[in-house]
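S.K.: Quick one: the structure is below, and I'll ask about it shortly.
The values are calculated or read from the model by the stated rules, or taken from the named source; none is laboratory data. Please read all numbers here as calculations on a predicted model, not as lab measurements. Methodologically, a virtual Cβ is constructed for each residue, glycine included, from the backbone with ideal geometry; neighbour enumeration extends over all protein chains shown. SASA here: full protein model, heavy atoms, side chains in, ligands and nucleic acids out. Shrake-Rupley method; radii C 1.70, N 1.55, O 1.52, S 1.80 Å.
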Amino acid sequence: MRYSVSSNAQVRVRFAPSPTGWLHIGGVRTTLFNYLFARKHGGKFLLRIEDTDTERSEQKYTDDILSSLKWLGMEPEEPILYQSKRFDLYKKVADDMVSKGQAYRCYCTEAEVEATREQMMKEGKKPMYARTCRNLTAPPTGREHAPFAIRSKFPLTGTTSFKDMIRGEISFPNEDLDDFVIIRSNGVPTYNFVVVIDDIEMKISHVIRGDDHINNTPKQMYLYAALNHLAPPDGDAPKVPMFAHLPMILGQDKKKLSKRNGETSTNAYREQGFLPEALLNFLVRLGWSHGDQELFSMQEMIDLFNLENVQVSGAVFNTEKLMWIAGEHMKKADPTRLLKIIQTDFGKCFSGVSLPRLKEPLTIELIKHIQQKVKLVKEVAEQLHPLLEKGVMPVDSSGLKWNKDADTKQKVKNGIESLIELGRKKLLGNNSLAEAGVGHADIDGILRGICEQHGIKLGDFTGPMRLFVTGQATSAIGLFDLLPILHWSDIEERLQACLKA
Ligand code: GLU
Ligand code: ZN
């Protein structure tokens with residue numbers, strides 16, 4: 001059996017997650033490839049929530065999928081289709097297949113089906129449904145009122161093949177394929193069945209999904225043929241989408257990525273402070289390449305993405321590379337946007353401090369410096385927080401060099417006193433030196449002048465000051481940049497604490 005491929009003009013792709021767990025990072029990679037393919041070809045990216053498993057599907061997981069996609073900037077462009085709202089339709093389509101002889105009622109109990117499978121395995125055969133009910137014309141005696149499943153009447157001979165856009169031709173001998181269930185005896189339709197009904201209705205042109213679905217594809221091909229009449233009348237028939245099966249994402253141990261060998265939930269990356277564009281850049285390289293380019297903007301991904309360059313073998317999740325990519329995107333991020341993200345996502349890091357304490361341009365100025373040295377938004381927040389704290393901060397001065405040299409210590413303290421005085425003079429009634437027009441270069445000159453005057457080395461002078469002003473021995477933002485920006489009253493208080501050390 002060979003079905004011709006859709007010649008739909010418009011590219012329409014979808015992401016079809018089951019809301020039975022937090023959005024998996026692999027699902028984001030699938031979404032990204034679909035999304036890029038749609039953008040590149042001027043098509044549409046759609047979302048379908050595959051929530052037929054009413055016991056395991058939960059609203060909180062659907063909410064997580066939606067909020068994560070929003071965060072990542074890949075939102076569906078048409079109303080979301082929820083499978084749980086369509087059970088009546090699925091049942092009708094199945095009944096219709098039964099009446100046309102494309103499917104049949106199976107009255108076997110689960111125990112019976114399982115017993116035959118076990119028997120086949122014992123005989124060294126591939127376990128399958130024995131097709132017991134395939135040719136029944138009525139329910140077996142005694143089972144007239146028993147529950148029944150509906151099975152596809154899959155062809156017994158020939159082959160089913162399709163041309164995978166990544167792997168090329170893939171063929172399956174039909175005799176190896178089961179008369180798979182389309183509606184279970186409890187009335188719940190199966191994935192393979194509803195996926196086809198919905199992909200037809202949504203006019204999906206390309207199915208781009210994980211390669212764990214390759215073995216499902218021939219079953220779906222059978223249904224495309226059987227359900228051809230459901231295809232919308234516009235365009236050419238028969239309509240079967242093109243398929244592209246993406247390689248699995250593997251952990252560093254080369255096993256399928258799982259909680260055990262990596263973080264799999266998308267939200268965890270957001271909570272750690274990854275920028276969405278960094279995560280997407282990292283994910284686009286999991287299975288796709290463009291020469292040896294590692295860094296991509298969204299626009300570059302859209303321009304360069306193609307399915308031809310998707311690899312067949314599994315893609316290894318390399319955390320070190322993720323961190324490097326995160327740092328590169330952090331450097332380029334708009335600091336005003338970083339401040340917004342800090343306010344919405346990392347407010348917790350700011351307990352006791354109100355962000356508007358500094359005028360916004362000065363906060364942005366701090367962020368501009370910090371973002372060059374860190375990789376995660378959370379780190380920016382953590383670096384920013386102590387700087388915005390009022391007055392003195394707790395420090396551990398036991399590591400300071402001057403502890404071993406009382407003479408230098410005194411000279412440095414004298415220098416700090418000079419700086420306090422000079423600062424006050426330059427402030428001209430403003431909150432910060434920056435507002436009074438004093439910048440990095442001026443501070444550089446002032447500090448060097450003081451060192452000369454007191455006969456001290458610049459490093460000996462700035463060491464204790466950095467510790468007391470930033471609260472850290474090494475800081476993401478240099479002292480020369482910091483002194484003009486913070487409220488001079490806070491700097492003074494911190495320097496006074498330094499004098500008492
Ligand atoms: N619900 C399926 C999954 O999450 C969808 C597979 C498909 O795209 O057809 O794997
Ligand atoms: Zn049966």
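S.K.: Amide H of residue 182 versus every other amide H placed in the peptide plane: which residues, excluding those fewer than 5 positions away on the same chain, fall under 5 Å?
M.R.: 150, 151, 152
S.K.: Can I ask one more? Compute the FRET efficiency between residue 84 and residue 332 as 1/(1 + (r/R0)^6), taking r as their Cβ-Cβ distance and R0 = 41 Å, and round to the nearest 0.05.
M.R.: So the FRET efficiency works out to roughly 0.45.
S.K.: In Å², and per residue, what accessible area does region 7-124 have when probed at 1.4 Å with the other protein chains present?
M.R.: I get 49 Å² per residue for region 7-124.
S.K.: Also: Of the accessible area of the chain, with the probe set at 1.4 angstrom, what percent is carbon plus sulfur?
M.R.: Carbon and sulfur atoms account for 51 percent of the accessible area of the chain.
S.K.: So, one more: Might you tell me the accessible area per residue for region 460-501, computed with a 1.4 Å probe and given in Å²?
M.R.: So region 460-501 comes to 28 Å² accessible per residue, rounded to a whole number.
S.K.: Treating region 30-86 as a set of equal point scatterers at the Cα positions, no solvent, please give the Debye-formula log₁₀ I(q)/I(0) at q = 0.17, 0.21 Å⁻¹.
M.R.: Debye output, listed in q order: -0.60, -0.85.
S.K.: Can you find, among 406, 38, 480, the residue sitting farthest towards the positive end of the charge dipole of the chain, where Lys and Arg contribute +1 and Asp and Glu -1 at Cβ?
M.R.: The residue sitting most towards the positive pole is 406.
S.K.: Based on the alpha carbon coordinates of region 187-321, what radius of gyration and maximum Cα-Cα distance (Dmax) apply, in Å?
M.R.: Here Rg and the maximum Cα pair distance are 18.0, 51 Å.
S.K.: What is the set of long-range amide H partners of residue 210 at a cut-off below 5 Å, with H atoms built 1.01 Å from backbone N?
M.R.: HN-HN under 5 Å from residue 210: 246.
S.K.: How big is region 117-172 by the Kirkwood estimate over distinct Cα pairs, in Å?
M.R.: Evaluated over region 117-172, this radius sits at 14.9 Å.
S.K.: Just the number please: accessible area per residue for region 272-430, 1.4 Å probe, all protein chains included, in Å².
M.R.: Each residue of region 272-430 exposes 50 Å² on average to a 1.4 Å probe.
S.K.: Find the centroid of the Cα atoms in region 417-470 and in region 148-182, then give the distance between the two in whole Å.
M.R.: The distance from the Cα centre of region 417-470 to that of region 148-182 comes to 77 Å.
S.K.: To the nearest 20 debye, what is the magnitude of the charge dipole of the chain about its Cα centre, counting +1 on the Cβ of each Lys and Arg and -1 on the Cβ of each Asp and Glu?
M.R.: 300
S.K.: Still on this structure, please answer the following. Mind listing the long-range amide H neighbours of residue 316? Cut-off is under 5 Å, sequence gap 5 or more, other chains count too, H placed in the peptide plane at 1.01 Å from N.
M.R.: Amide H neighbours of residue 316: 250.
S.K.: Work out the length of the dipole vector of region 69-160 about its Cα centre, built from +1 on the beta-carbon of each Lys and Arg and -1 on the beta-carbon of each Asp and Glu, and round it to the nearest 20 debye.
M.R.: Dipole of region 69-160, to the nearest 20 debye: 320 debye.
S.K.: Go from 0 up to the bin containing the longest alpha carbon distance in the chain, width 10 Å each, and give me the % of pairs per bin.
M.R.: 4, 15, 20, 17, 13, 10, 8, 6, 4, 1, 0
S.K.: At a Cα cut-off below 18 Å, give the aspartates and glutamates reachable from residue 125, other chains included and same-chain residues fewer than 8 away excluded.
M.R.: 112, 114, 175, 176, 178, 179
S.K.: Using a simple charge model, +1 on the beta-carbon of Lys and Arg, -1 on the beta-carbon of Asp and Glu, nothing else, what dipole does region 30-87 show about its Cα centre, in debye to the nearest 20?
M.R.: 300
S.K.: If you take the Cα Rg of region 9-60 and divide it by 2.2 N^0.38 Å, with N the number of residues, what do you get?
M.R.: Its radius of gyration relative to the 2.2 N^0.38 Å reference: 1.28.
S.K.: Please give every one of the aspartates and glutamates within straight-line cross-link reach of residue 401, meaning a C-alpha to C-alpha distance under 16 Å, and leave out same-chain neighbours fewer than 8 residues apart.
M.R.: Cross-link targets: 460.
S.K.: How many percent of the alpha carbon pairs in region 86-146 exceed a separation of 14 Å?
M.R.: Percent of Cα pairs beyond 14 Å in region 86-146: 66.
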